């Protein structure tokens, strides 16, 4: 079977051919603005002007013609509306003129298929990083499942915006990478990881405001170190929490060598297998769309419209099969957790790691901050009578905290229990009390709730005191996504029944809707 792929989501127009699951070739041409970022209408005009030439060159190169093509796959989204429209129009035209099957493909699924196919991994975790997308993805029940993502802008967008502010023309990220090699001054930047989600708007604003006072090389250095350390951390957390052993990266930002160094260091520390695709497979290209289209049994007619906010988990991907995530107990993300004794008491010793692959100063900053936050939040939770561990001893020099040992299982291991929804509702009641006291957890998920003789909230190391609505909304969003990741999305209603006791219920739920509505492709 010969499949044509058409890609036009952003700055690149591309066509590719896949025959019987093997990539035969692709042709691409990218729009380059003279200044500023991508102008969607100019990008669309560029695509219209080059698509005919690209298709003709590709067909001639492969000594074939449109009549031999069986399916035409095209990017349906996400992306820039005018640019997407050009690819959809070309696909429609070819389908009508030559009576070919149309196959809609999510742009992100195309990227992920490259990693899935060439890694030969059975059940990997995917880190998908590009201009508009930053997602942690796994294989779910015949579809791709998002474990975490950006809460605001994609990592590539962050890098390109900062580069523009430094006077670097689009695409600025590759130039920023070169500048960063000559930077070494570590700044006290915002570092925002929430569960397996990341945020870059605070880091962007902080560095933008220091362009006039710091060297460009140091601005670039800090942008990469903080942004990529966050990505390595969420990969590490996802792998550890679900007991996975293999991961791969995909998307345009995955070409960055510093990102690869950090991920490779984390993988060696943990003993994980990893796969980094060739650079030519990571740029937007028609071949990845053709590959996903070859695998897909989804079809559409000529009336199809592009979906500007389409997601990798928007539709079924039957060909990937099904995988069930199995949370692991007593396995930390960036921490090593051991049982021990302290002054005759059973305890848990938690030592934070990361120095094996992170910049040493940034590692010290992150781990020290996390331990201090955990102690403060635990003390505050105790004060409002929420069951939680007690900090017995802290050593900031080796990033160790000793907690009293609580017996039980994490809630993520109890999803099949008959009283699961009642437990979730009780969690909602405790979170209501916590939020009314102005406390956020920062990593509220089923793995951080221990069920024994009580329901305990544990590991609030990303939490805050005197919290604004944003971190409270993030807490609720994280709980919702945690339930969804384990196939228990309906149980979120049970959580809300308990959470309704919060005096801030309406305002926090509105903030959750705002968080979820934010554009992740811009």
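Rule-based calculations on the coordinates, nothing more; no lab input. Owing to the predicted nature of the structure, the values given are computational and were not obtained by experimental measurement. When we count neighbours, we look across all protein chains shown, and the Cβ atoms used for this are built from the backbone with ideal geometry, even at glycine.
Just a few scattered comments:
- Distance between the range 460-522 and the range 278-324 - C-alpha centres, whole angstrom: 29 Å
- The range 6-26 versus the range 328-399: alpha-carbon centroid distance in Å: 48 Å
- Ordering of 144-150, 309-315 by packing [mean C-beta count within 10 Å, highest first]: 144-150, 309-315
- Nearest-0.05 FRET efficiency for residue 93 and residue 53, computed from C-beta distance (R0 25 Å): 0.95
- Projecting label points 7 angstrom from Cα along Cα→Cβ for residue 208 and residue 404 puts them 4.8 nm apart.
- Paramagnetic reach from residue 143 in the range 108-130 [backbone N under 16 Å; point 7 Å along Cα→Cβ]: 108-110
- Spacing of the modelled spin labels on residue 20 and residue 346, each 7 Å from Cα toward Cβ, amounts to 6.1 nm.
- C-alpha long axis of helix 107-119 to longest principal axis of the chain, angle in °: 80 degrees
- Within the chain, antiparallel bridges make up roughly 75 percent of the DSSP beta bridges whose residues both belong there.
- Separation of alpha-carbon centers, the range 113-143 and the range 203-223, rounded to whole Å: 31 Å
- Taking the average, over residues, of other Cβ atoms within 10 Å as the packing measure, peptides 382-388, 9-15, 485-491 rank 9-15, 485-491, 382-388 from highest down.
- If you plug the beta carbon distance of residue 437 and residue 338 into 1/(1 + (r/R0)^6) with R0 = 25 Å, you get a FRET efficiency near 0.20.
- Computed from Cα positions, the angle between helix 81-98 and the longest principal axis of the chain comes to roughly 50 degrees.
- Ranked by the mean number of other Cβ atoms within 10 Å per residue, highest first, peptides 452-465, 120-133, 395-408 order as 120-133, 452-465, 395-408.
- Projected label points at residue 318 and residue 45, each 7 Å from Cα along the beta carbon direction, are separated by 4.4 nanometres.
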